[in-house]
Amino acid sequence: MSTTHDTMPFDQALASFEPVLGLEVHVELGTNSKMFCGCSTVFGASPNTQVCPVCLGLPGSMPVVNAMAIESTIRIGLALNCTIASWCRFARKNYFYPDMPKDYQISQYDEPLCSNGYLDVTVPTDDGPTVVRVEIERVHMEEDTGKLLHAGGATGRIHGADHSLVDYNRAGIPLVEIVTKTIEGTGALAPAVAKAYVAELRDLMRALDVSDVRMEEGSMRCDVNLSLNRPGDGWGTRSETKNVNSLRSVERAVHSEIERQAALLTSGGRVVQETRHFHEDTGRSTSGRSKEQAEDYRYFPEPDLVPVAPSDAWIEELRATLPELPSAKRDRLKGEWGINDFELQTIVNAGALDLVEATIAAGVDSAAARKWWTGELQRTANDRGVELADLGVTPQQVREVEALIASGALNDKLARQVFEGLVAQEGTVAQIVSSRGLAVVSDDGALLAAIDDALAAQPDVADKIRDGKVQAAGAIVGAVMKATRGQADAAKVRALLLERLGVSE
Amino acid sequence: MTISRADVAHLGRLARLELTDDELDHYSTQLDVILQAVARISEVAADDIPPTSHPVPMENVFRPDVVVPGVDRDEVFAAAPAHEDDRFRVPRILDEE
């Protein structure tokens, strides 16, 4: 196994080669039970506590298809503008590896449930966003595999391991595989297109409510197929990079594979058709096993299951359940909020679209809703390494805080402390305001006392203001804000100060 | 012969079976007899008869998405050759990953 490779700088690689991309995305469906048995699918359960004879592959057990999984897959296919098969079968994919106790995986082969669709994705470029249509080859159903730990080795990887330990909780969870047709002509945009496609797919799955699409938990995973060719030549040999488990990694995997293959081809080498493994820490991939040929999987129709033949009426019923899709929603909100492409992109990148929409629906002004979610709250989420939606702050709470600002009870600085308290789960907005003693000091007596203290401490500044240098007032206002730990209305302090000194603006 | 020794060796490798030269001869001959028997079906099946993938003509057999309790882990492990840390313990698999 080789771990390092010479690379060619990206721009130089793109000057000589055209990248051809293909993306395979696996999505774990959010059903309650597994694909072919009634075992629970809850993430994070103790190993091998969500297993039964079917998903353990015990002799005599028989799989039965989960109706919800079929419905979810058809809805995904419809949302991706696919043709839904009127009749299709499951197939056995035979391979020898302990992640599937049956020694085969039930999948679909030449009869996918959905085929020939497309997804339009918005790709950010230096010249503003551009729309790229990614064509979908197929959407098919299969079951997820168990999780292996390689024990005894120092690295947790198989090399050097003494033995492997297997948890079959994940084995049999419904999995949908979405395969693109080859994506050509994207040139230097290839990494950004790949990332934008996976992001759009994730948003689509969320909107359809068919999966929680958490890449970090593996409920959405991406394999990147990439080859390079010189303009005018036929396609080159492709590699398949697995283990790409974040949006950023999708982009980096494409980027680094272009650099690696370009160096290889330029130096007279050739690309080996193989599976490569992406490493989050280095942003590079290493060689894995040579890919088995499809015929080695000895696919054949699954004899334990009968065909799936969705009627037109059922398909139309499911089509009627499709929600507003993310791209249509973005266009609508952009118009409603009166924002430009870049502002929209900021909100989308922050994962704040739904939150901002809900906050506005709760009665908050559009600018204020956007300000909190893409400013203070996004920074906090980034610092904590969590998704904005998982921060623990709700649109309703943002409304409560905004109402307090509007009434003069809080200012922005104090509001930030309220959000800090909400993230730390210190209670409701009212409880945090009370327990942290957060309230704008509106008592004139207390403010005047603080103003007098500040004037006494800076008599030279006081004289300047008396002489009409009103701009010097900032220093006194600042001192008062500091003395009240930010709990004063700065404009009010300024007005009181000038009145005190008998100066007008 | 419709199946070669090389084919049998390849199938053996996919199934992680170590086959001796004698076994390759033995299984090639046996499998060939089976394949010839199956091939006779093609002689009577016209082009308009699709291969059977299921003996009963049924479609759309589904179950509702309802969780039913599985089996107890200790019971499962009692039937397994080896386990460790609440997981099945298996020999390491070479030439993979």
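The values are calculated or read from the model by the stated rules, or taken from the named source; none is laboratory data. Because the structure is a prediction, the values reported are computed rather than measured. Virtual Cβ from ideal backbone geometry, glycine too; neighbours counted across all protein chains shown.
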Quick check on my filter: what residues within the range B:1-37 are free of Cβ contacts under 8 Å to residues at least 12 places away in the same chain and of a type in the set (S, T, N, Q)? B:20, B:29, B:30
Quick one: is residue A:425 free of Cβ contacts under 8 Å to residues at least 40 places away in the same chain, exposed (fewer than 14 other Cβ atoms within 10 Å of the Cβ) and assigned to a loop (DSSP other than H, G, I, E, B)? yes
What single numbered condition from (1) under 22 Å from the mean Cα position of the chain (by Cα); (2) of a type outside the set (S, T, N, Q); (3) part of a strand (DSSP E or B) fails to hold for residue A:276? (1)
If you go through A:470, A:429, A:393, the only one that is β-branched (Val, Ile, Thr) and at pLDDT below 90 is A:470
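Can you tell which of A:241, A:237 is β-branched (Val, Ile, Thr) and surrounded by 22 or more Cβ atoms within 10 Å (Cβ to Cβ)? It would help to see each step written out before you state the result.
Working: A:237 fails: surrounded by 22 or more Cβ atoms within 10 Å (Cβ to Cβ).
Answer to the check: A:241.
Just checking, which of B:28, B:42, B:53 is among the small types (Gly, Ala, Ser), away from every other protein chain (no Cβ under 14 Å) and surrounded by 13 or more Cβ atoms within 10 Å (Cβ to Cβ)?
Unique residue meeting the criteria: B:28.
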If we ask which residues in the range A:122-147 are modelled with pLDDT under 95 and in a strand (DSSP E or B), their number turns out to be 5
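In the range A:1-56, how many are under 30 Å from residue A:232 (Cβ atoms), in contact (Cβ under 8 Å) with a residue 60 or more places away in the chain and not in a strand (DSSP E or B)? Walk me through how you get there before you give the answer.
The initial filter retains those residues of the range A:1-56 that are under 30 Å from residue A:232 (Cβ atoms), namely A:5-24.
From the residues that got through so far, the ones that are in contact (Cβ under 8 Å) with a residue 60 or more places away in the chain too are A:5-14, A:16-24.
After this cut, where a residue has to be not in a strand (DSSP E or B) as well, the list is A:5-14, A:16-17.
Residues that pass the stated criteria total 12.
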Restrict the check to the range A:256-271 and report whether at least one residue is out of contact with any strand residue (DSSP E or B) (no Cβ under 9 Å at 6 or more places or on another chain), among the β-branched types (Val, Ile, Thr) and surrounded by fewer than 18 Cβ atoms within 10 Å (Cβ to Cβ). yes
Identify, from the list A:497, A:438, A:455, the residue that is more than 23 Å from residue A:413 (Cα to Cα) and crowded, with 16+ Cβ neighbours inside 10 Å. A:455
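Out of the range A:44-64, which residues are within 30 Å of residue A:240 (Cα to Cα) and either within 7 Å of chain B (Cβ to nearest Cβ) or in contact with a strand residue (DSSP E or B) (Cβ under 9 Å, 6 or more places away or on another chain) (or both)? Outline the logic, then answer.
If we filter the range A:44-64 for residues that are within 30 Å of residue A:240 (Cα to Cα), which is where we start, we get A:44, A:47, A:55-57.
Correct list: A:47, A:55, A:56, A:57.
Quick check on the range A:148-183: of everything there that is part of a loop (DSSP other than H, G, I, E, B) and at pLDDT 95 or above, which residue is surrounded by the most Cβ atoms within 10 Å (Cβ to Cβ)?
Taking the range A:148-183 first, the residues part of a loop (DSSP other than H, G, I, E, B) are A:152-162, A:168-173, A:181-182.
From what is left, the residues that are at pLDDT 95 or above are A:168-173, A:181-182.
Details: A:168: 27, A:169: 25, A:170: 23, A:171: 28, A:172: 32, A:173: 25, A:181: 15, A:182: 14.
The selected residue is A:172.
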